[in-house]
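A short write-up of the structure that comes next.
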Amino acid sequence: MTTLTRQDLNFGQVVADILCEFLEVAIHLILYVREVYPSGIFQKRKKYNVPVQNDAEKVVVVIMDKEHHPVERFVFEMSQPPLLSISSDTLLSHVEQLLRAFILKISVCDAVLNNNPPGCSFSVLVHTRDAATRNMEKVQVIKDFPWIVADEQEAHMQEPRLIPLKTMTSDIVKMQLYVEERAQKT
Amino acid sequence: ASDTSKEQAKYDLSSGSNKKVILLPCRNPPSRERVQLWLEARRQYESLQTGL
């Protein structure tokens, strides 16, 4: 078994690629399961690519009602464990298995959530650091698709019901997913 | 309160600090109605294609 160090394979980029692929699938699945868009636009795929900064600490998919008030928030909290080396086997199979469990939990989360009101939309919030935003501004893809600082009402929900969905600890990332649901959705 | 936080964010950026910030895309996603129209147009297009 080949053991790879962080320098060997640009550790941060590998982690970012895996997480981006996972988040794209997860966000599409949330929009499908929570019926934000008609089911006809989604296609079945076997494999699990949303550009996200390496420095993201939290990615939140917010589902909002017609008045743009949050009704549900799917919170992905991520951190990197302090590990010096990783194995290629661990990277490719174990982590994917752990992430697959998140996808499965999202696919059945409608059983523990109340129905959303009609006409909902969504947004994605990224909790990061100032230094990351300065790096973002230099990237062309971000210039073409600009990000702005969120307003207070977009970033928080008052007295939500908390529903833990899944946690994982691996060699490359620690992550937990929970849903914050507004008590009164209508 | 939101104006204050935006001003604070601007100040933090210019001062070179590394405080926490929450970002979101400037563009809104397409509405459900718009997506529904697109889906219907695609279905019509596909049925025309198969009918040829």
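Inter-chain Cβ neighbour count for A:116-123, averaged per residue, equals 2 (cutoff 10 Å, partner chain atoms only).
For the segment B:28-37, counting C-beta atoms of other chains within 10 Å of every residue's C-beta and taking the mean gives 4. Peptide A:153-163 has a mean of 1 when you count, residue by residue, the C-beta atoms of other protein chains within 10 Å of its C-beta.
Bear in mind these aren't lab numbers, they're just calculated from the coordinates by the rules spelled out. Given the structure is predicted, the values throughout are model-derived calculations rather than measurements. Virtual Cβ from ideal backbone geometry, glycine too; neighbours counted across all protein chains shown.
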